[in-house]
Amino acid sequence: MKAPKFHFIRANSRQQTLELLEELGDEARILAGGQSLMPTLNMRLSQPGTLIDINKISDLCGITLEEGVVRIGAMTRHVEIANSPVVAENLPLIAEAMQHVAHHAVRNRGTIGGSIALADPAAEMPACALALWATLAVESINGRREIAAKDYFKGLYETARQPNELLVEILIPKEPPDDVSVFLELAQRHGDFAMAGLACVGRVSNKVFEQLRLVYFGSEDRPTIANQAIDSVVGKVWSTETSEAAADALTNDLDPMTNLQGSAAMKLHLQKVLTKRALETAIERAGEFK
Ligand SMILES: Cc1cc2nc3c(=O)[nH]c(=O)nc-3n(C[C@H](O)[C@H](O)[C@H](O)COP(=O)(O)OP(=O)(O)OC[C@H]3O[C@@H](n4cnc5c(N)ncnc54)[C@H](O)[C@@H]3O)c2cc1C
């Protein structure tokens, strides 16, 4: 199918974009990499009156490390993040997750801002943002707002960003060198959206998880922290029994949805499998697996 008719505006600056968003509101859509937006237009799942292309706005691109925080511009493409030494060194969770984001052609165009703005429940970057205590910075003509990832993802493709706001950057505290992180995902083919997935960040000492964050994606309507599973592990000496207990506790944390990727029961099963693998891998990466 072909996309419905729309007006097209190539914005030259942030300010111009913000003014257009204020004027057009929900009638307009930002065009970033177009890797999700264009298919939805072609399938007539969305019919915005105007597309605002932000590809020429260079100050929305780039990755820097400032005072322990990695700042990633919204228009930074997946491929740049995958190849970034700053990300590899300071955000190993994201470096690992990026290997699962789509295929090369999509990664060459798709942007982290597009992924976080869209909030697909099976996407990797929203889960990483939540696991790593990221802050999402949005701007409107009224100024800038910084939203903690835990308050940003509201539901299925639903976020705290308002229609007149542009997502401008993602701020992520660097992972402390003593922490370990593990990213696992199950998809029908490598690069497809996840059926089930887990971003795990923690600190291990003498086989005890002193801190742990488990964020699941692909099964719920948004990235989800599993507090009961976390509580069942933190402070206890890790063993296969603690892993089993965490997997059991997950039943109380998750309420998977059935969709084209699989049934709710299968997704819960897969998330439990990933939980056990992630905890064991974290222990291994902490150098404490004997
Ligand atoms: C075959 C295929 C496989 C894929 N597999 C995966 C996968 O495994 N994992 C994954 O995470 N993604 C996957 N994707 C999606 C891909 O990662 C997209 O690049 C991403 O979801 C959206 O980024 P984009 O820059 O292309 O955004 P666009 O498609 O341009 O925009 C997406 C939405 O976000 C809005 N938007 C974009 N940028 C901003 C901004 N700065 N501020 C406000 N709103 C904004 C747009 O208006 C639109 O509603 C896949 C896509 C394809 C086609």
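The values are calculated or read from the model by the stated rules, or taken from the named source; none is laboratory data. Keep in mind that this is a model prediction, so the values were computed, not measured. Note that we place each Cβ from the backbone using ideal geometry, even for glycine, and neighbour counts take in every protein chain shown. Surface accessibility is based on the protein's heavy atoms, side chains included, excluding ligands, DNA and RNA. Shrake-Rupley method; radii C 1.70, N 1.55, O 1.52, S 1.80 Å.
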| note | In nm, the gap between the two label points placed 7 Å beyond Cα toward Cβ at Glu158 and Thr240 is 4.3
| note | Extension length gain for Ala105 and Asn206 (0.36 nm per residue less Cα distance), in nm, is 32.0 nm
| task | Report the net charge of residues surrounding Arg77, where surrounding means a beta-carbon distance below 9 angstrom and charges are Lys +1, Arg +1, Asp -1, Glu -1. | result | +1
| Among the lysines, which fall within straight-line cross-link reach of Lys5, defined as a Cα-Cα distance under 18 Å, with same-chain neighbours fewer than 8 residues apart omitted? | none
| request: Arrange the residues Thr135, Thr240, Thr50 by how much accessible surface each exposes, largest first, with a 1.4 angstrom probe. | output: Thr240, Thr135, Thr50
| query | Can you give the percent of C-alpha pairs in the chain whose distance is more than 28 Å? | reply | 37
| field | Tensor-based shape of the stretch 89-131 (alpha-carbon gyration tensor, a/c under 1.5 rounded, otherwise prolate or oblate) | value | oblate
| task | Would you compute the Debye intensity of the stretch 127-229 from its alpha-carbon atoms alone, equal scatterers and no solvent, and pass along log10 I(q)/I(0) at q = 0.14, 0.21 Å⁻¹ to two decimals? | result | -0.64, -1.14
| said: Test of understanding: in a Gaussian network model of the chain with alpha carbons linked when under 10 Å, which of Arg107, Arg44, Arg29 would top the mean-square fluctuation ranking? | reply: Arg44
| request: First measure r as the distance between the Cβ atoms of Thr50 and Gln228, then evaluate 1/(1 + (r/R0)^6) with R0 = 45 Å and state the FRET efficiency to the nearest 0.05. | output: 0.50
| For the stretch 92-156, what is the accessible area per residue in Å², given a 1.4 Å probe and the full set of protein chains? | 36
| task | Return one whole number: the accessible area per residue of the stretch 7-53 in Å², for a 1.4 Å probe. | result | 53
| message | Using a Cα-Cα cut-off of under 27 Å, which lysines could be cross-linked to Lys2, ignoring same-chain neighbours fewer than 8 residues away? | response | Lys56
| Simple label model, 7 Å out from Cα along Cβ direction - Asp151 to Val69, nm | 1.4
| message | Tell me the volume per residue, in Å³, of the convex hull enclosing the alpha carbons of the stretch 60-173. | response | 94
| message | Taking a ≥ b ≥ c as the square roots of the Cα gyration tensor eigenvalues, with a/c under 1.5 meaning rounded and otherwise prolate when a/b beats b/c, else oblate, which class fits the stretch 18-120? | response | oblate
| Where a Cα-Cα gap under 30 Å defines reach, which lysines qualify for Lys150, not counting those fewer than 8 residues away within the same chain? | Lys174, Lys207, Lys236, Lys267, Lys272, Lys276
| request: For the stretch 179-285, just list the percent of Cα-Cα distances falling in each 5 Å bin from zero outward, please. | output: 2, 14, 26, 26, 16, 10, 5, 1, 0
| query | Roughly what percent of Cα-Cα pairs across the stretch 7-53 reach past 18 Å? | reply | 24
| Each label point is 7 Å from the Cα along the Cα-to-Cβ direction; what then is the distance between the points at Asn83 and Arg14, in nm? | 2.5
| remark: The percentage of the accessible area of the chain (probe 1.4 Å, all protein chains present) made up of carbon and sulfur atoms, to the nearest whole number, is 50
| field | Residue-normalised accessible area of the stretch 182-221, expressed per residue, 1.4 Å probe, Å² | value | 35
| query | Add -39500 (n - 2.57) for each DSSP H run of 4 or more in the chain, then divide by its residues: what number comes out at 222 nm, to the nearest 500 deg cm²/dmol? | reply | -10000 deg cm²/dmol
